[in-house]
Every structure is written in structure tokens, then in C-alpha cells.
Amino acid sequence: MSVRYLASVAALALSAGTAMADYSLTILHTNDFHARFEPISKYDSGCSAEDNDAGECFGGSARLITAINEARGRSNNSILVDGGDQFQGTLFYTYYKGKLAAEMMNKMGYTAMTVGNHEFDDGPEVLRGFLDAVEFPVLMSNADVSGEPLLANKLAKSTVIEQGGEKIGLIGLTPQDTDELAAPGDKVIFTDPVGAVQGEVDLLTTQGVNKIIVLSHSGYVVDKRVAEGTTGVDVIVGGHSNTLLGDMEGAEGPYPTMAGPTAIVSAYAYGKFLGELNVTFDDEGNVTEAKGAPIIMDGAVTEDESVKARIAEAAKPLDEIRNKVVASADDVIDGDKNTCRTSECQMGNLVADAMLDRVKDQGVSIAIANSGGLRSSIDAGEVTMGEVLTVLPFQNTLSTFETDGANIVAALENGVSQFEEVAGRFAQVAGLKYAFDPAAEVGSRVSDVMVMEGEDWVAIDPDKTYLAVTNNYVRNGGDGYKMFRDSPNAYDFGPDLADVTAEFLAANAPYKPYTDGRITQK
């Protein structure tokens, strides 16, 4: 069955004439797959076999490989690339680490990918195992890995491929703050993306390459900055911010987004779309036309039976854990990234409330949860442990600690410091209220911070010591929360956050999702 376009094709003609030596290339692309080997629901969480058979699910490796093969059939010259973050997000990653991702990417015939921050979640060791298993180059230009023996001479900054009789330069890019987002260790040094990309462009140009594609796991905002701050970049294939581009509902910009002569594309996340960009270059390597659209991986895309069977086989060791029903919900619990990383959200309240409820008997009165740790919504009805683990896949533990009010305010400022980038550091809270103004200067955006004392809300005291709870990732400085690193009386070895949340859901079943105004935007 043919793949359907979700949006009408967007085209940009940059030249009135056509050079005799025009070169056309189809760039097929994915990003932020996050171990979604099985189909997902419209809320990006798990989807039952019954719903999948009814055509109500999206994505999954079996659909994706069909769409890739059909797209290749529409083009006589194509590449398949990935914008990073194949790792982390479901029990498949917890159980297999990068092995299943490598197997599926090899089967699909990827040309190259860049390193996402989540590729570092389990340190250089697991990333190295993935690098050894894949049959294509994995790239990262803005990091010095020479001091890390597991990655030195294994991760290239860029590569040149021969495609359709022409040389194509590919450059990788990862978040500059990966050291705050994951666990790369102290031997990998991350650098500014603009300078790193320009350095590789200059190097490739001296090799006679005039068609250059950046595979960027840096987010839509940074991608536009890279395009505007460099010369010689033709296409940026994005990732990290889970940005949907196109003219469909929910899109954040056109597909492609043009920043000067550079075409920027991104295909949301979780294998829900396959990006298909058709680019024409003139004989000097300039883009004369860029058109395409993300293809939705819905029920109209036929699943490849052999891949479907392989994923089912891989799922068998996981089924007992994830199929266990732990609670029920009256309605969908909204954990959408664009909501939870910019405002109070239902999933944030659930997780923060669960954390605080678990340790309130210890005198803890404040809970802070980073929104980047919330990875999905939960459907109404029965709630399985698999759904909870899809929301909270990182195996984080509860961390309790002492800190003063000034540090709490500093933490909230950190949470809104990258509001424009929809960053994962945005703070969901319990036992706490605050307001913020995203138009104010970074560091001065938060106001009206209130804490619960007894039955009353009172202004936070910057000099008072409070007992707080978060997860071990945040308590140790992740997502920019460095102010918590040296907190006194810290204990990072509490129960698993997913277990805590599941037990809270069970105790309050059927759970009623809600927001109550604890976070307000001015």
C-alpha cells in the first residue's frame, strides 16, 4: 500500500534557470526514535495489538521499513540518515541497550547518523558497543573524544560518501550541554556547534566537496543559529527538540525551513513520521530547489511481516513486566513534551505529587521534577507498568536533600532559562508554586515563589533550610541543576521513580489527571 503524505508538498525554487549538471538527491530521515520499535498511540505511548490491527496506531519498525523502501522506490538517488537519540525510552532499551537499534538500523540500510545526548546515557561503554555493531558512520563534530579511549578514532566529526556519482559531505552535531544531559564522563569535551560545523565545512571544501549536509541533534533553535552562523551548509537534518515541520496542525514551521540558502528539516520523533526531502543542486553545489514533507506512519502504511515478527520475538522477555496492570486513569494523563517543558502539566503534577507523597513523612516539603524525564502520556483506562516505564524509562531513583530557599529559586530559574528551546530542564513541582516571565532576562524570570507550610501558602524564605526531593539525575547536576550537587544530607538511593509513580497511581485509582495553577506564566 502506498504511503500517504500528511501535508501538501512545500517547495522552494531558488533559481529561475536549471543548470545542465543539476544533481537531485532524496534525503530520507528520522530523529529521536527512542526505542519505539513497536507501534505507538496518538499520545506517543504504547498501543495494543487490537488497536494496531484496527489501524489506530502509528510508527513501529515494521511500518518504518515499509515506508523507507517505498520512498526509495520513488527516487533513483536517495540516502537515509538519522538525527540522533535512537537510545532510551522503552523497556527495549533497558533490556537490549543499543543492540536492537543497531540491528534494525542495519536492516533498514542507514547511510549515517549523528550522536544524540541519550546515546551517552549509559556512558561511553554502551555507545562503543553500538558503534561496533552498526554498518554505517556515526558522526559528532562538536566534541573532543581524543581523551576517551573507547571513542577515540571511532567517532568521526564528518565523512564523505559517494552517492549517484557525486561527493556528499556529512557532518554530525550533538548538544553542547550533553555533559549536563547525559553521562559522557569527563573525558569528552563538548564545544560550540557553529565553530565546529564551519571547521568541518572548510575541511570538506578543500577536498572538493560542495554538497554538505549536517546531521544535527541540537534542536530547531540551534539549527537555525548554525545555518545563519555558517557558510557552505546546504541541508540540516534536525533532532533533539522533537520538532514537526510542515503545514499540518501542530507543525512549528515549514518543511523545509529556509535559513538563507540552508534547508532545515525535522520529523518529530518516535518513528511517527519519515522525513522525505528532495533537493536539487546546481553544478556549483548550490541548492536550487528543496521540497518535501514528513510522511505519517499511520495505519495506511503496511507493516513488514518479517520485521514485525522479529520485534515480537524481541519483546517476549519484556512482556511479563510491562503487561502488568498497576492502576487505572479516568482520562488521558497528558505528558506531551511541548506542554510539560513550557508549563504546568498533568504528568508533571502526577510525578511530582508521587515523589512528595513518598517522602513527606520524612519532613520533605518540596518536590522538583525535570520535564525532560517525562517521556510520554498515559491513555485513559487500565494503566500498565509498561506505560509507566515509557513515561519514566531512565531508572532514576528518589533523592532527598537539604537546601536553602535561595537555591530553590535558583533551581526554578534554571528550569525556565531555556524556555525558548523547549528544554527538558523546565521544573514541574509539588509543595511549591511559582510564576515566570519568559520575556525577562535569564536569571530574573521567576517570581512569586510560595511554599506550603501547614495548610497555608507562604513566600519562600531564601535563608531557610528546606528538605526537598528530586531524582538522582537532577540532584547530581543534570539538566543544569548544578546548585544541588553539593547539597548537605543528600541521599540518592531511594526507590525507583517509576515504581513510586506506579504505587501512587494504584493508591489513587482511578486516577484523575489535573492541573491546579501551581505554575503560571506572566
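In plain terms, if you count all Cα to Cα distances in the chain and split them into 20 Å steps from zero, the share in each step is 23, 55, 21, 1 percent.
Relative contact order for the chain: 17 percent, from Cα pairs under 8 Å spaced at least 6 residues apart, divided by residue count. Annotation: aspartates and glutamates with alpha-carbon distance below 15 angstrom to residue 464 (same-chain offsets under eight excluded): 402, 404, 453. Taking the C-alpha atoms only, the angle from helix 405-416 to the longest principal axis of the chain is near 30 degrees. Solvent-accessible surface (1.4 Å probe) assigned to residue 118 amounts to roughly 20 Å². Given axes a ≥ b ≥ c from the Cα gyration tensor, I'd like to know whether the stretch 143-233 is rounded (a/c under 1.5), prolate (a/b larger than b/c) or oblate. Oblate, since a/c reaches 1.5 and b/c is not below a/b. Please work out whether the stretch 169-284 counts as rounded, prolate or oblate from its C-alpha gyration tensor, where a ≥ b ≥ c are the square roots of the eigenvalues and a/c under 1.5 means rounded, while otherwise a/b larger than b/c means prolate and anything else oblate? Since a/c reaches 1.5 but b/c is at least a/b, the shape of the stretch 169-284 is classed as oblate.
Peptides 512-520, 209-217 ranked from most to least packed give 209-217, 512-520, packing being the mean of other C-beta atoms within 10 angstrom over each peptide's residues.
Comparing the stretch 357-497 with the 2.2 N^0.38 Å rule of thumb, its C-alpha radius of gyration ratio is 1.05 (two decimals). Straightening the chain between residue 402 and residue 286 buys 36.0 nm, computed as 0.36 nm per residue apart minus the Cα-Cα spacing.
Under 1.5 on a/c is rounded, so check that first for the stretch 23-112, then, if it is not, pick prolate when a/b is larger than b/c and oblate when it is not; a ≥ b ≥ c are the square roots of the alpha carbon gyration tensor eigenvalues. Because a/c hits 1.5 or more and a/b fails to exceed b/c, the stretch 23-112 counts as oblate. Projecting the Cα atoms of 238, 255, 226 onto the dipole axis of the stretch 222-261, where Lys and Arg carry +1 and Asp and Glu carry -1 at the beta carbon, places 226 farthest toward the positive end. Of the GluC sites (Glu not before Pro) found in the stretch 427-522, those that fall in a DSSP loop while having at most 12 other beta-carbon atoms within 10 Å are 441, 455. Hydrodynamic analysis of the stretch 106-191 uses the Kirkwood radius over alpha carbon pairs. Inserted into Stokes-Einstein at 20 °C and 1.002 mPa s, it gives a translational diffusion coefficient of 161 µm²/s. Pairwise alpha-carbon distances in the stretch 77-156 exceed 21 Å for 22% of all pairs.
In terms of distances greater than 27 angstrom between alpha carbons, the cross-link table entries 99/512; 187/316; 187/272; 224/291; 154/482; 187/360 yield 99/512; 187/316; 187/272; 154/482; 187/360. Against the chain, whose longest principal axis comes from its Cα atoms, helix 123-133 is set at around 30 degrees. Computed with the Debye formula from one identical point scatterer per Cα of the stretch 354-409, without solvent, the log10 of I(q)/I(0) at q = 0.13 Å⁻¹ comes to -0.45. Compute the long axis of helix 193-206 from its Cα atoms, compare it with the longest principal axis of the Cα atoms of the chain, and write down the angle in degrees, 0 to 90, nearest 10. Approximately 20 degrees, to the nearest 10. Principal axis extents of the Cα atoms in the stretch 221-272, from largest to smallest and rounded to whole angstrom, are 32, 20, 15. Just so you know, the averaged projected area of the alpha carbon convex hull for the stretch 228-322 sits at 9.2 nm². Based on DSSP, what percent of beta bridges with both residues in the chain are antiparallel, to the nearest 5? Of all bridge pairs located within the chain, approximately 70 percent are antiparallel.
At 10 °C and 1.306 mPa s, grab the translational diffusion coefficient of the stretch 43-84 from Stokes-Einstein with a Kirkwood Rh over Cα pairs, rounded to a whole number in µm² per second. Here the translational diffusion coefficient equals 129 µm²/s. Along each principal axis, taking the top coordinate minus the bottom one, the Cα set of the stretch 417-522 gives 41, 33, 33 Å in descending order.
The values are calculated or read from the model by the stated rules, or taken from the named source; none is laboratory data. Remember, it's a predicted structure, so these values are computed and weren't measured experimentally. For neighbour counting, all protein chains shown are included, and Cβ atoms are generated from backbone atoms with ideal geometry for every residue, glycine included. Ligands, DNA and RNA are excluded from the accessible area calculation, which covers all protein heavy atoms including side chains. Shrake-Rupley method; radii C 1.70, N 1.55, O 1.52, S 1.80 Å.
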